[in-house]
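Rule-based calculations on the coordinates, nothing more; no lab input. This one's a predicted model, so the numbers in the text were calculated from it and none came from an experiment. Glycine gets a Cβ as well: all are built from the backbone with ideal geometry, and neighbour counts include every protein chain shown.
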Amino acid sequence: MTDFSHDGGVLSARLIGAFAGSALSLVYLVPHGRREAALRFLTGIACGLIFGGPAGVWGATRLQLLPYLSASEIMLAGATLASFIAWWGLGLLVRLTSRAGKTG
C-alpha cells in the first residue's frame, strides 16, 4: 500500500494547484449556468490532480527552472496549469458546440 504520510507536501500542492487553476479560470471564461460550472470545475480538479506532475516537470524543464524549484513548487505550478487548461479548453469546446448547434 502506498504511504502518503511523508510526501513533503506534494499531495497538498497538487490539490491546491488544481483548485487554484479552476478558480483562476473563472476570470477568463465565466460559465453560463450551474451545470456548466460544476462540470468544468470537476474536470479542472481531475485534470489538475492527474496531469499536475507531468505538466509541472514539463514547464519547469522548458523554462530551465528544474534545479531551482522544489517538488512541491513544481507540483503546484503543474496542477494549476493543467487545471486551468482543462477548464478553459472545456469551456471553449462547450461554447463552440453550442454555437454550431444553433446554426445547424
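Figures for the structure shown
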read-out	value
Additional length obtainable on full extension of the chain from Leu65 to Leu24, 0.36 nm per residue less Cα span	12.5 nm
Options Ala13, Leu49, Leu66, ranked by Cα towards positive dipole end of the chain, top entry (Cβ charges)	Leu49
Among [x] 15.7, 55; [y] 12.8, 36; [z] 13.9, 46, the entry derived from the coordinates for Rg and Dmax of the Cα atoms in Å	[x]
Whether region 43-104 is rounded, prolate or oblate, judged on the alpha carbon gyration tensor where a/c under 1.5 counts as rounded	prolate
Choice from Pro54, Pro67, Pro31 with maximal GNM fluctuation in the chain (Cα, 10 Å cutoff)	Pro67
The chain - mean residue ellipticity at 222 nm from DSSP helices (-39,500 (n - 2.57) per run, n ≥ 4, rounded to 500)	-28000 deg cm²/dmol
Likely footprinting exposure, Ser72, Ser12, fewest C-beta neighbours within 10 Å first	Ser12, Ser72
